[in-house]
Amino acid sequence: MDPKKFEAIIIGAGSTGSSIAFNLVKKGVSNILVVDMSCVGCGQTSRSSAIIRLHYTNPEVRKMAVYSWRFWRDKFVEETGCEHDVFSETGVVFAGSREHREAMEEVVSDLKKMNTDVELYEPDVFKKEIFKYFNDEGLDAIAWEPHSGHCDPNTAVQCFISYSKDGGAKIMEGKRVDSLILDGEVVTGVKIKGEMYKADFIVNAMGVWANDILRNINLELPITVGKEEVLYLLTPEKREVVPPGWEDLALGFYSRPEGKTQTLIGGMEAEETNEEPIPGEYTAPPVHLIRMRSDPFLKRFPDMKDAKPHAAIIGYYDITPDWQPIIGFDHRVKNLIHMVGLSGHGFKLAPAFGDIISDLIIHGSSKTFNIEGFSMRRFEKQESKHSKYKYGIVG
Ligand SMILES: Cc1cc2nc3c(=O)[nH]c(=O)nc-3n(C[C@H](O)[C@H](O)[C@H](O)COP(=O)(O)OP(=O)(O)OC[C@H]3O[C@@H](n4cnc5c(N)ncnc54)[C@H](O)[C@@H]3O)c2cc1C
């Protein structure tokens, strides 16, 4: 067997590429190559807040979210054989004002049909029954997901890759794919440091770098890069005031507990940037960031006023015009598959993405999801899949 000929080459070993590899091996396709210019999970996945929740106004993304949540919460350890459980159940709140209520009611009603225990509360009732340490000013409805939470993204990716490797996949770290090899309109492989690696299918799971190998063949995808900075606070002594996972449509922030000692806060918008999107961290949280993240958070949670800024990280999103992913075959180059443009909410959906792309490779179409609406052609046809909410990131 030619050691440089594979059934599929996956470019990128973040949450997306590693889940695709895991799903392929699970389904019996193990002659695959996963290649990453850095290391496994060292791209934007390494900076992910990794909140796992269900609330999406787009019905198909909602279905992907429920499928993925069940995987993270109930199946991960058994299916990957990983010794670590990567999911922490904290409960997640989705808080909205009057303008959001109708869509929230619709989403919660559908989620209930999917056996998810999600409930819609009036804010005062939520305070009495679930969590009282918040200021409900401006809020009209609270969607409560008691069994949602977050993951440890780094361990999750390592476990996907270990499973794939044990099953026969080849993993190359520290190797950059320089270009695609085309035979007319068919992609037949990739070039890595001048060497050719052939495959029946090439998967673009490169996140914010998605266009790097496409530009030189004039195939740019509509993806911009957005910067997201997350502030970490040290938990105050009065620990019961620490909120569960929280997505605040009214004030435009999200937060979640990080272990027993910290709380992280992120924003719902991302500033477009031309910076080199290398994920990283500040040596000390800058003042502007402390203000930007703490102000809305402390307005909502005044009892967290003694929580001290501790650290801050920098990550980048691969954002499409409607903040939804690009999924599927490229219509211009045969056998090239894209799973990119995750727009800041792609970690939680990685199990669904892995299932979809492995099905595309094996069967030519997804057996579980209808991905028609996520093709790159929707932008040419101006068919937006944007969330019903202002912030596309929350779906
Ligand atoms: C700060 C932050 C917070 C987030 N919070 C959440 C959240 O709470 N919930 C959620 O669901 N999502 C969240 N996300 C989004 C989520 O983390 C990402 O959508 C997801 O992890 C991206 O995974 P990926 O594998 O597509 O990309 P990446 O993890 O970036 O992986 C892409 C890989 O491709 C490799 N690569 C690129 N070019 C090449 C090349 N030419 N050759 C070889 N390898 C290459 C890179 O080295 C990289 O490892 C957050 C993201 C950030 C930045």
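We did not get these values from a lab; they are worked out from the coordinates using the rules stated. Note that the structure is a prediction, hence the values are computed from the model and not measured. Positions of Cβ are generated from backbone atoms using ideal geometry, with glycine treated the same way; all protein chains shown enter the neighbour counts.
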note = Under the rule rounded for a/c under 1.5, else prolate if a/b exceeds b/c, else oblate, using alpha carbon gyration tensor axes a ≥ b ≥ c, segment 334-386 is classed as oblate
message = Tell me the Rg and the Dmax, in Å, that the Cα atoms of segment 288-395 produce.
response = 18.5, 57
Convex hull per residue volume in Å³, alpha carbons only, for segment 56-126 = 97
remark   = Rounded to the nearest whole number, the Stokes-Einstein translational diffusion coefficient of segment 192-312 at 10 °C and 1.306 mPa s (Kirkwood radius, C-alpha pairs) in µm²/s is 93
ask   = Over segment 46-86, what number does the Rg to Rh ratio reach, with both radii from the alpha-carbon atoms and Rh per Kirkwood?
value = 1.04
inquiry  = Can you compute the FRET efficiency between Asn370 and Asp2 using 1/(1 + (r/R0)^6), with r the Cβ-Cβ distance and R0 = 41 Å? Round to the nearest 0.05.
reply    = 0.65
task = Give me the Debye-computed log₁₀ of I(q)/I(0) at q = 0.19, 0.23, 0.25, 0.31 Å⁻¹ for segment 111-151, equal point scatterers on Cα only, no solvent, two decimals.
result = -0.62, -0.82, -0.90, -1.09
request  = Please list the non-local residues whose amide H lies under 5 Å from the amide H of Asp178, H modeled 1.01 Å from N, same-chain partners needing a gap of 5 or more.
outcome  = Lys191, Ile192, Lys193
ask   = Does anything in segment 273-310 have its amide N under 17 Å from the 7 Å Cα→Cβ label point of Lys227, and if so which residues?
value = 273-293
message = Given Cβ point charges of +1 (Lys, Arg) and -1 (Asp, Glu) and nothing else, what value in debye, to the nearest 20, does the dipole of segment 288-395 about its Cα centre take?
response = 360
ask   = How long is the gain from His331 to Asp306 if the chain were fully straight, where each residue apart is worth 0.36 nm and the alpha carbon distance is subtracted?
value = 3.6 nm
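Can you give the percent of C-alpha pairs in segment 1-137 whose distance is more than 26 Å?
That fraction is 42 percent.
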message = Quick check: the distance between the Cα centres of segment 314-344 and segment 49-73, to the nearest angstrom?
response = 18
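How high is the relative contact order of segment 164-244, in percent, with contacts defined as C-alpha pairs under 8 Å that are six or more residues apart?
Dividing the mean separation by the residue count of segment 164-244 yields 15 percent.
Rounded to the nearest 0.05, what FRET efficiency do Arg239 and Arg176 give with R0 = 45 Å and r taken as the Cβ-Cβ distance? Could you check?
For R0 = 45 Å, the calculated efficiency reads 0.50.
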query = Between Asp166 and Asp124, what is the FRET efficiency for a Förster distance of 45 Å, r being their Cβ-Cβ separation, to the nearest 0.05?
reply = 0.30
ask   = For the chain, can you list the cysteines whose C-beta has no other cysteine C-beta under 4.7 Å from it?
value = Cys151
task = Report, by chain and number, residues whose modeled amide H sits under 5 Å from the one on Thr57, excluding near sequence neighbours (fewer than 5 apart, same chain).
result = Lys388
task = Just grab the label-to-label distance for Thr155 and Asn216, each label 7 Å out from Cα along the Cβ direction, in nm (one decimal).
result = 4.0
remark   = Rh (Kirkwood, all Cα-Cα pairs) for segment 23-92, Å, reads 14.6
query = Under 13 Å from the 7 Å Cα→Cβ point of Asp183, by amide nitrogen: which residues of segment 301-344?
reply = 334-335
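Rg(Cα) of segment 121-242 divided by 2.2 N^0.38 Å?
Cα Rg divided by the expected 2.2 N^0.38 Å: 1.73.
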task = Please give every one of the aspartates and glutamates within straight-line cross-link reach of Lys75, meaning a C-alpha to C-alpha distance under 17 Å, and leave out same-chain neighbours fewer than 8 residues apart.
result = Glu83, Asp85, Glu89, Asp152, Asp355
inquiry  = Distances longer than 12 Å among the Cα atoms of segment 292-351: what percent of all pairs is that?
reply    = 77
query = With each run of n ≥ 4 DSSP H residues scored as -39500 (n - 2.57), what mean residue ellipticity at 222 nm is computed for the chain after dividing by its residue count and rounding to the nearest 500 deg cm²/dmol?
reply = -7500 deg cm²/dmol
note = Projecting the Cα atoms of Gly315, Gly267, Phe329 onto the charge dipole of the chain, where Lys and Arg contribute +1 and Asp and Glu -1 at Cβ, the residue farthest towards the positive end is Phe329
ask   = Quick one, what does Rg over Rh come out to for the chain if you take C-alpha atoms and the Kirkwood Rh?
value = 0.97
ask   = Within the set Lys198/Lys348; Lys191/Lys334; Lys170/Lys193; Lys367/Lys390; Lys191/Lys348, which residue pairs have Cα atoms separated by over 20 Å?
value = Lys198/Lys348; Lys367/Lys390; Lys191/Lys348
